[in-house]
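Here the structure is laid out as structure tokens; the discussion comes afterwards.
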Amino acid sequence: KVRGKVKDQAKALVADAKALVRAMLDAMNRRSLGELDSLLTDDFTRYCEATPEPVMRGLAAYKAFLRADAAAFPDNVQTLVHCLADGDEVAMYVTDEGTHRGPLGPMDTSCAFVSSPGRICAPNPPNS
């Protein structure tokens, strides 16, 4: 049985994780990548199957990816749908929308509006 005090602490930890994710997405959506320095550690690892390289290690690599993504989709917005937290690990399910207006790997600019139905991004790949 979980007692009230522990339950309240658990709620606070989950709320903190969700606040972190919201602050991270807000900084990304505003293209204020410098703010990520105060939110994520240098050894941050991102795992997202929706991107060409699912595992991205290091905050610098992640910020480089976000800059390239913003060049390809300058109006890109990520919206949080669900957030799960377990200790210092957080997974988020987000939708991603934007207009393809710049280079994206080998793909030519399409000027098409792209909306992903959602994807799960987690800080660490399974079994890492």
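Odds and ends about this structure:
- Rounded accessible area of residue 62 (nearest 10 Å², 1.4 Å probe): 10
- Accessible surface for residue 104 stands near 60 Å², nearest 10, in the context of the full protein assembly shown (1.4 Å probe).
- Accessible carbon and sulfur surface of region 68-112 relative to its total accessible area, %, 1.4 Å: 56
- Added length on full extension, which subtracts the Cα-Cα distance from 0.36 nm per residue, residue 115 to residue 75: 13.2 nm
- Summarising the label geometry, the points placed 7 Å from Cα in the beta-carbon direction at residue 32 and residue 49 lie 3.4 nm from one another.
- Förster radius 25 Å - calculated FRET efficiency between residue 99 and residue 12 (Cβ-Cβ, nearest 0.05): 0.05
The values are calculated or read from the model by the stated rules, or taken from the named source; none is laboratory data. What you are looking at is a predicted structure, and each value in this text was computed from that prediction instead of being measured. All Cβ positions, even for glycine, are placed from backbone atoms using ideal geometry, and neighbour counts span all protein chains on display. Just the protein is used for accessible areas: all its heavy atoms, side chains included, with ligands, DNA and RNA removed. Shrake-Rupley method; radii C 1.70, N 1.55, O 1.52, S 1.80 Å.
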